[in-house]
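One structure below.
The values are calculated or read from the model by the stated rules, or taken from the named source; none is laboratory data. Worth saying up front: this structure is predicted, and the values here are computed from it rather than measured. Because the Cβ atoms are built from the backbone with ideal geometry, glycine has one as well, and the counts that use them run over all protein chains shown. SASA here: full protein model, heavy atoms, side chains in, ligands and nucleic acids out. Shrake-Rupley method; radii C 1.70, N 1.55, O 1.52, S 1.80 Å.
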Amino acid sequence: MTFKFIHTADWQLGRAFANMPSDLAGELAAQRFAVIARIAAIARTEHAHHVLVAGDVFDAPDLPNAVLHRALARMAEHEAVTWVLLPGNHDPARPGGIWDRVERFNAAKNILVVRHEAVIMLTERVALLPAPLTSKNPGRDPTQWMDAAATPEGVLRIGLAHGSVQGFGSDGESSVMIDRNRALTAGLNYLALGDWHGTTRVGPEVWYAGTPEPDRFPNNDPGNVLAVTLDDAGAASVEKIPSAHFTWAKFEAPLHELAGLTGIEETLAGRGAALSELLVQLTLSGSLSLADHAALDAWREKWSGRLRYLDVDTAALAVRATSTDFENLGGDGPLVEAARLLAEKAGDPAHAEHATAALALQRLFGFAAEAAHGAAR
């Protein structure tokens with residue numbers, strides 16, 4: 001008889017997204033709660049009755065009570081699913097901390113908080129070995145206890161932990177180190193990990209699920225949950241299932257003429273996500289004329305309206321002033337001389353005032369274009 005469950009992690013409910021525009025920040029925060037229903041739907045489709053959340057259910061230990069009530073209500077709505085919640089480094093199980101409040105508010109029988117290093121029988125033949133964190137940096141491997149944990153003969157053993165596997169690394173937030181051989185030394189059929197926000201296979205029975213709803217611009221495959229099946233022999237098979245509403249995409253592209261924007265547009269359209277649900281961080285390099293820089297600004301405005309969010313980094317995109325650009329400024333005179341001096345500095349990436357000169361040159365050209373447009377009217 002097989003046992004199937006959903007492995008997820010790093011929900012970080014209550015995250016504020018303070019670096020985003022306020023309207024978008026609210027949408028991003030809301031989707032972190034909305035994904036709970038999507039995970040429940042995946043569990044139903046996969047005929048899985050347990051969802052194991054490998055740490056960082058909440059973004060911080062001092063969140064308002066309303067956030068906790070909202071999370072509990074979302075999970076309680078799906079009675080066919082047992083939600084197993086593990087404290088992580090963002091929400092450690094300190095005495096008098098966030099999990100005391102969670103357990104005080106929780107009236108649902110299908111929400112299980114695992115705060116202690118103790119074997120929990122999920123079914124008669126499936127044991128859970130959790131490694132809850134009691135501080136942001138416990139100074140030890142929280143999974144070490146699993147090696148000596150006794151379970152009945154023939155019972156499947158699932159480890160649940162949050163931290164960085166030694167030799168693999170993490171996203172820089174956790175200093176909790178986990179032995180990459182723990183599944184072998186503890187006789188685990190599967191080790192469900194959290195902390196790394198992308199879906200990653202560390203070994204045949206060791207996986208990071210990643211965050212189910214992306215929250216940044218890494219290239220590490222976030223936005224999934226894992227459907228895990230343990231067969232009669234205890235072997236694990238893992239299926240990655242998309243769960244995200246928003247798609248965060250990060251691109252780098254060289255640009256030497258406006259025609260290059262067509263390729264960028266094709267790349268954006270080829271992401272397979274609705275443009276209105278796509279957040280993009282675009283880094284441009286190369287060089288453009290002053291006229292093309294102005295056209296790039298117009299392109300950015302257009303695509304900022306089509307995408308849910310667009311951040312264009314032009315720090316590595318040089319200004320290449322052309323004779324046509326100078327003609328548009330009047331051909332000669334003090335204004336043109338100032339523009340030529342700025343163009344000389346802007347065209348030299350090694351110059352100490354390169355970035356400042358490039359920005360000043362673009363603004364000078366923009367003011368001149370606005371003046372010419374006004375005179376023409």
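Can you name every residue in region 350-373 that is at pLDDT below 70 and open to solvent by 40 Å² or more (accessible area, probe 1.4 Å)?
First, the residues of region 350-373 that are at pLDDT below 70: 366-373.
Within region 350-373, PHE367, ALA369, GLU370, ALA371, ALA372, HIS373 qualify.
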TODO: Evaluate the following for ALA80: is it closer than 14 Å to VAL53 by Cβ and in contact with a Lys or Arg (Cβ under 7 Å, 6 or more places away or on another chain)?
DONE: no
TODO: Go through (1) in contact with a Ser or Thr (Cβ under 6 Å, 6 or more places away or on another chain); (2) open to solvent by 10 Å² or more (accessible area, probe 1.4 Å); (3) within 30 Å of THR283 (Cα to Cα) and name the single condition ARG201 misses.
DONE: (1)
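Mind checking whether some residue in region 227-234 is within 30 Å of ARG306 (Cβ to Cβ) and small (Gly, Ala, Ser)?
Initially, region 227-234 is screened for residues within 30 Å of ARG306 (Cβ to Cβ), giving none.
Looking for residues that are within 30 Å of ARG306 (Cβ to Cβ) and small (Gly, Ala, Ser), one finds none in region 227-234, hence no.
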Task: Close pairs from region 36-55: first over 14 Å from LEU85 (Cβ atoms), partner small (Gly, Ala, Ser) and outside any loop (DSSP other than H, G, I, E, B), Cβ under 8 Å, at least 6 apart - done: ILE42/ALA227; GLU46/ALA227; ALA48/ALA227; HIS49/ALA43
TODO: Could you tell me whether ARG201 is among the basic types (Lys, Arg), without any contact (Cβ under 8 Å) to a residue 40 or more places away in the chain and within 30 Å of ALA316 (Cβ to Cβ)?
DONE: no
- [ ] Go through region 188-304 and tell me which strands (runs of 3 or more DSSP E), entirely inside it, have 3 or more residues that are modelled with pLDDT of 95 or more and within 18 Å of the chain's Cα centre (by Cα).
- [x] 224-230, 236-242, 278-288
Task: Pair list, Cβ < 6 Å and 6+ apart or interchain, from region 230-242 residues that are farther than 19 Å from ALA40 by Cβ and without any contact (Cβ under 8 Å) to a residue 24 or more places away in the chain to residues that are open to solvent by 90 Å² or more (accessible area, probe 1.4 Å) and assigned to a loop (DSSP other than H, G, I, E, B) - done: none
TODO: Search region 75-87 for residues that are on the phi < 0 side of the Ramachandran plot and pair each with any residue that is among the aromatic types (Phe, Trp, Tyr) and crowded, with 20+ Cβ neighbours inside 10 Å when their beta-carbon atoms are under 6 Å apart and the residues are at least 6 apart or on different chains.
DONE: MET75/TRP83; PRO87/TRP99
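Any residue that is crowded, with 21+ Cβ neighbours inside 10 Å and in a loop (DSSP other than H, G, I, E, B) - is there at least one of those in region 121-138? Give the steps one after another, and end with the answer.
Initially, region 121-138 is screened for residues crowded, with 21+ Cβ neighbours inside 10 Å, giving 127-133.
Then drop every residue that is not in a loop (DSSP other than H, G, I, E, B), which leaves 132-133.
Looking for residues that are crowded, with 21+ Cβ neighbours inside 10 Å and in a loop (DSSP other than H, G, I, E, B), one finds at least one in region 121-138, hence yes.
Checking the condition free of Cβ contacts under 8 Å to residues at least 12 places away in the same chain and either open to solvent by 30 Å² or more (accessible area, probe 1.4 Å) or under 17 Å from LEU129 (Cα atoms) (or both), which residue from LEU184, LEU193 passes?
Working: LEU193 fails: free of Cβ contacts under 8 Å to residues at least 12 places away in the same chain.
The match here is LEU184.
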- [ ] Answer yes if at least one residue in region 265-285 is open to solvent by 10 Å² or more (accessible area, probe 1.4 Å) and in contact with a Gly (Cβ under 7 Å, 6 or more places away or on another chain), and no otherwise.
- [x] no
